[in-house]
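The structure appears right after this line, and notes come after that.
The values are calculated or read from the model by the stated rules, or taken from the named source; none is laboratory data. Predicted model only: the values in this text are computed from it and were never measured. Cβ coordinates were reconstructed from backbone atoms using ideal geometry, including for glycine residues, and neighbour counts include every protein chain displayed.
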Amino acid sequence: MDEVNNVRLNNFIPQNSTCSADSNGDELNKCDRLPLYRRMCFIGSIAQDTELRKVAEFFNLPIVSSESGQEYAQEDNYSTIYVLEKFIGTIYTSLYKAKQSLLGPPALRQLVMKNESLPNNHTRPLFNLAMSGVVVCFTGFRDKEDLSKLVPLIHHMGGSIRKDMSAKVTHLIANSCGGNKYQYAATFKVPVMGQSWVLAAWEERYNLSFSATADTFLAKHKLKPFHGAHITFMGFPKEEEQHMREVLISNGGTVSTLDDPNCTHVVVDESSVGEKPDVNPRALVVKAEWFWMSVQKEVTQVEREYLFDDYIDQVLSPNARRDSHQATPSSASRRKRKRIETIQSLVHQQSPTLHKRRSSVSDAGLLSVSGSFLDCTASPDKALLDGAEVVPDTPRKGLTPRHHVFLELLQTESNYVNILDTIMTMFKKHLEEMPEEEALLNNTELNLIFGKLPPIHDVHVKMLGELKKTASSWTEDKTIGSIIVKYTTELLKAYPPFINYFEEMKEVLIQCDQNKPRFHAFLKACQTRPECGRQSLTELMIRPVQRLGSISLLLNDILKNTPKTNPDNAALEQAQEVLKEIMTHINEDKRKTEGQVTLFNIFNEIDNCPPDMVSSHRSFIAKCEVIQLSSTDVISSKGNNLALFLFSDQLEVCKKKSKAFNSLKSPSGVSTSQNKAIAKPYKHVRLMALNTIKRVIDIKETDDCQKVFSLVCRHNDELKERLYTFALADEDADKTAFLKTLTKQMANNSCTADADKFMAYLEPQQLELDTGDNGTLSKAFKFASRTKMKVGRAFSFNKTPSKLKRAVSSMMSPFGSSTNLTPATQLAQMKLASYSNINVSMFRLWRTFKL
């Protein structure tokens, strides 16, 4: 109540007790002519709004009504606040020119909602509080009519305006990108808005809960980084240029041409453009990094830091630049020769540091014959040799073959560490240290992409230090292999986690690249820098997968050039064995990891799947889609589409959901993208241990009975066996391969070497399946329904024995025999196709990681 009383008391203007004489010398109390009381006047139709009148009563002021308010404007004893429904028209204009206090109904309601007092002697019309606390500055507006529309609206919504940028300015409204005010805003993180921000906010003027400074609303109306810019691209591959054009348009820019007089920027690929293009003097020629950095930061970057002229100054000598303005054939030859000399001189220069800005093309001479700056195996830098006397122009002269290959190992290790340094600093560290409001990736994504790289970086930094020490005091009896052996344990700990989850890491990286435009721009900007050698982050991240194989090959070359009497011979052989052991461990670990990932993927595809299906001792073997045929002993309803997931010790039976069912996830009847992501294709039916499957029956193929098989099962708590009959849903599926894979796993689970004893072969007639119909699966369904009782009696061992019972009983015995069973010798000749495929896949996987 105290707060309410304070608000109401503040609406009264205290009497001034000071008196003075007028021009005639008469004593006159000036306070008699000052407004002593305040009142509120409702103009026009809002005088009939009883709800608004109740809101106004909160301020405890006299409330009057008027059609125009003119009769109250001349009274000196009252300060009148006029409430108008609209801020347009003759009534509004006359009151505004008379410098009266004007309020809109939304502002009146919002003041009450916020428990704030009425504005005191407020001569600026206030319609609402949508921009309360906003301080705006303008830039780039040449047409005063645009400003004359925006300025009143900002005042009507409670905002204020400043002429110059200062610490008090909260938002900059720009009509073009660039200029001092724009760069000030970019530097101090002041939001740069388009004029649509003000116009759209005014459209929401009757919305009491609306705020023009809401994050979502601000993001929608931020000025795009290339607003007003006319940009052309030069020197890029066709597909890359098309992609950049699309990015340009989506960021507010306009595609231009070199001969366009309105062209403002020329973005060049400095790796293919050697001279500054002929363009209008007002256009700025910049490198591709400027374009992508502007997209990433969502603000146009300062062009002077990315000018193509700086690149020319770095690559070409002053004489070459002077010659470039001449067009004679001889000058062209000189220019070409000087460029070749410049590039050759760069071959032996050290790679630029991360803090030094240089063009990618300026490192063109660092490319080796492999075509990659990062794969360069040229002579090592003098710094690597720590004082070794090696002439740069003839670095390998006089070296022994063993020393020669060692220097290649040193150089490739140095290049590899440089790659890891680039990933760790330019990408990982930079992304992690970004302020939260500018973050391109969340912590989970950062960990999935970079989390397993630091241990690899650390161990190779140590190895490089050891190799440098060896190079600085080289003798032929230096033991190179001992360096590798020394770091065996660290290599074994560092590499498997990275390689095992490399595909998952790459998938996360690709998804972030595709779904996050600012992160995509960040990757593109980094790719233009010489440290990356114009390679993408994905290409850089694959290097650890290849590195151990590369070291193994180089050690093998060193071993070939090392005499057996050299003490390094035994050390190199040990190092080779160590690397093979590490790669074998990686392959085995990767196989297990892939199996666990497969289990998780299957678990996530099955609705209501038992949690204990995912286990460290369980592995996925095969999958088979079937149709339920039996009618008495059924796992699911007859005719249902099922999926059988075979694991090393269990069989998961799932019902396959129909597409029509999935499409009904959305209330509207149409599946949304979110529902598609959540919907699972299978529903759990039963998880069967393999030791409950007593026999697998392969039904002989006939014209009328195709791809049918049965499982005889009995659980420990059951007194009788159950028969489940299925038909393969896929015509191309290999029934024999699946059944032999199943019996093989049953044998492994029972610790027996003979898998044949779990397999039986019967004619369709022995199960009383009708073969008189015309060989379609639908006919088999019909017959399964007609023989419901027959199948049930045949496999109930509590019933009267029959021929079928005796046949099944004999095949149930592991030692039984029957003339209907395929001989064991014939079974042994059947090839297990699925296991052959598994072996081939494992061999290919091993070779991939070995190489």
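Just so you know, in segment 711-744 the residues that are among the polar types (S, T, N, Q) and farther than 19 Å from residue 649 by Cα include one that is surrounded by the fewest Cβ atoms within 10 Å (Cβ to Cβ), and it is 736.
Mind listing just one residue for me: the one in segment 207-230 that is without any contact (Cβ under 8 Å) to a residue 24 or more places away in the chain and among the hydroxyl-bearing types (Ser, Thr, Tyr) and, of those, farthest from residue 140 (Cα to Cα)? Across segment 207-230, the extreme among qualifying residues is 209.
Among the conditions (1) assigned to a strand (DSSP E or B); (2) surrounded by fewer than 20 Cβ atoms within 10 Å (Cβ to Cβ); (3) β-branched (Val, Ile, Thr), residue 80 misses just one, which is (2). In this structure, residue 528 does satisfy being of a type in the set (Val, Ile, Thr) and in contact with a strand residue (DSSP E or B) (Cβ under 8 Å, 6 or more places away or on another chain).
Taken over segment 155-207, residues that are of a type in the set (Ser, Thr, Tyr) and under 19 Å from residue 124 (Cβ atoms) amount to 2. Loosely packed, with under 14 Cβ neighbours inside 10 Å and assigned to a helix (DSSP H, G or I) - does that describe any residue in segment 473-485? Checked segment 473-485: no residue is loosely packed, with under 14 Cβ neighbours inside 10 Å and assigned to a helix (DSSP H, G or I).
Reported count of residues in segment 745-756, each being crowded, with 20+ Cβ neighbours inside 10 Å and in contact with a strand residue (DSSP E or B) (Cβ under 9 Å, 6 or more places away or on another chain), is 2.
Consider residue 189 carefully, then state whether it is surrounded by fewer than 16 Cβ atoms within 10 Å (Cβ to Cβ), at pLDDT 90 or above and either in contact with a Gly (Cβ under 8 Å, 6 or more places away or on another chain) or within 20 Å of residue 218 (Cβ to Cβ) (or both). Criteria not met by residue 189.
Residue by residue, here is whether (1) of a type outside the set (D, E, K, R); (2) under 22 Å from residue 581 (Cα atoms); (3) in contact (Cβ under 8 Å) with a residue 12 or more places away in the chain holds:
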| residue | (1), (2), (3) |
| --- | --- |
| 408 | no, no, yes |
| 417 | yes, no, yes |
| 434 | yes, no, no |
| 440 | yes, no, yes |
| 470 | yes, no, yes |
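The residues of segment 248-293 that are of a type in the set (Asp, Glu) and either in contact (Cβ under 8 Å) with a residue 40 or more places away in the chain or more than 11 Å from residue 233 (Cα to Cα) (or both), listed by number, are 259, 260, 270, 275, 278, 289. Considering segment 87-183, the qualifying strands (runs of 3 or more DSSP E), each wholly inside and each with 3 or more residues that are not aliphatic (A, V, I, L, M), run over 135-139. Return yes when residue 563 is touching a Phe, Trp or Tyr at 6+ places or on another chain (Cβ under 6 Å) and not polar (S, T, N, Q) and no when it is not. Considered against the rule, which asks whether it is touching a Phe, Trp or Tyr at 6+ places or on another chain (Cβ under 6 Å) and not polar (S, T, N, Q), residue 563 comes out as no.
Consider residue 796 carefully, then state whether it is modelled with pLDDT under 50, assigned by TED's automatic domain parsing to the domain that holds residue 624 and part of a loop (DSSP other than H, G, I, E, B). Taking the combined requirement at face value, the residue satisfies it. Total residues in segment 516-546 satisfying the condition of being out of contact with any Lys or Arg (no Cβ under 8 Å at 6 or more places or on another chain) and hydroxyl-bearing (Ser, Thr, Tyr): the figure is 1. Residue selection: residue 81 fails the criterion of being more than 30 Å from residue 175 (Cα to Cα), in contact with a helix residue (DSSP H, G or I) (Cβ under 8 Å, 6 or more places away or on another chain) and not assigned by TED's automatic domain parsing to the domain that holds residue 205.
Quick check on segment 595-618: of everything there that is in a helix (DSSP H, G or I) and farther than 15 Å from residue 687 by Cβ, which residue is modelled with the highest pLDDT? Among them, the one singled out is 604.
Among the residues making up segment 201-254, those that are in contact with a Gly (Cβ under 6 Å, 6 or more places away or on another chain) and either of a type outside the set (Lys, Arg) or on the phi > 0 side of the Ramachandran plot (or both) are 221, 223, 226, 227, 229, 231.
For segment 232-246, the candidate set comprises residues that are crowded, with 19+ Cβ neighbours inside 10 Å and within 28 Å of the chain's Cα centre (by Cα); within that set, the residue that is farthest from residue 290 (Cα to Cα) is 236. Within segment 298-310, residues that are more than 17 Å from residue 194 (Cα to Cα) reach partners that are in a helix (DSSP H, G or I) and modelled with pLDDT under 85 with beta carbons closer than 9 Å, at six or more positions or on different chains, in the pairs 304/310. Once segment 249-267 is narrowed to residues that are buried (at least 20 other Cβ atoms within 10 Å of the Cβ) and of a type in the set (Gly, Ala, Ser), the residue that is nearest to residue 176 (Cα to Cα) is 253.
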